[in-house]
Amino acid sequence: MDSFRISEAARLLGVSDDTVRRLVDQGTLPTTGESPARIPGDALAAHATELARTTADPTDVLSSARNRFVGLVTRVQIDGVMAQVDIQAGPHRVVSLLSAEAVRELALEPGSLAVAVVKATNVIVETPKA
């Protein structure tokens, strides 16, 4: 399971380091008990999903832009040879349909750091090297 330093968690959530420290102090985000503090990936993913639920897109514009979304895997569903992977990247939820083999090779699970590369209707999932 991935875990993230305070600064990494802040960048993934789109907030300041101090905000993440306050979330930890308030008990909203747990830590792994390591020093320096690290946030478990699954807890960070759950918090990112909750933040996205409360944030609306004020532009209300449709776009076909090609982008890279760095975020956290929030859900993985494997059904036979295919799989669905949901990534929460800030306020953006990106869903990719890919092979179950690729999900296993990338070791994707809720809380994993991943990058969704979007071009037209294709979503490619990448993970950082271990």
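The values are calculated or read from the model by the stated rules, or taken from the named source; none is laboratory data. Only a predicted model underlies this, so the values are computations on that prediction, with no experimental measurement involved. With ideal geometry, Cβ positions are generated from the backbone for all residues, glycine too; neighbour counts draw on all protein chains shown. SASA here: full protein model, heavy atoms, side chains in, ligands and nucleic acids out. Shrake-Rupley method; radii C 1.70, N 1.55, O 1.52, S 1.80 Å.
So here's what we get for this one:
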item: Compactness of the chain as Cα Rg over 2.2 N^0.38 Å, two decimals; result: 1.08
item: Largest-first ordering by accessible area, 1.4 Å probe, given options K119, K129; result: K129, K119
item: Per-pair calculated FRET efficiency, R0 = 22 Å: L106 and T32 via Cβ, rounded to 0.05; result: 0.50
item: Estimated [θ] at 222 nm from DSSP helical runs (n ≥ 4, -39500 (n - 2.57)) normalised by residues in the chain, nearest 500; result: -8500 deg cm²/dmol
item: Note, ³J(HN,Hα) from phi for segment 16-28, Karplus 6.51, -1.76, 1.60, rounded to Hz, x at Gly and Pro; result: 7, 4, 4, 5, 5, 4, 5, 4, 5, 4, 7, x, 6
item: Accessible-area order (highest first, 1.4 angstrom probe) of the listed residues F4, F69; result: F69, F4
item: Residue-level accessible surface for S3, protein heavy atoms, 1.4 Å, Å²; result: 30 Å²
item: Gain on full stretching of the segment that runs from V115 to S16 - 0.36 nm per residue minus C-alpha separation; result: 33.5 nm
item: Label point distance in nm, L51-I78, each placed 7 Å from Cα along Cα→Cβ; result: 2.9 nm
item: Whole-number D in µm² s⁻¹ for segment 1-51, Kirkwood Cα-pair radius fed into Stokes-Einstein, 25 °C, 0.890 mPa s; result: 234 µm²/s
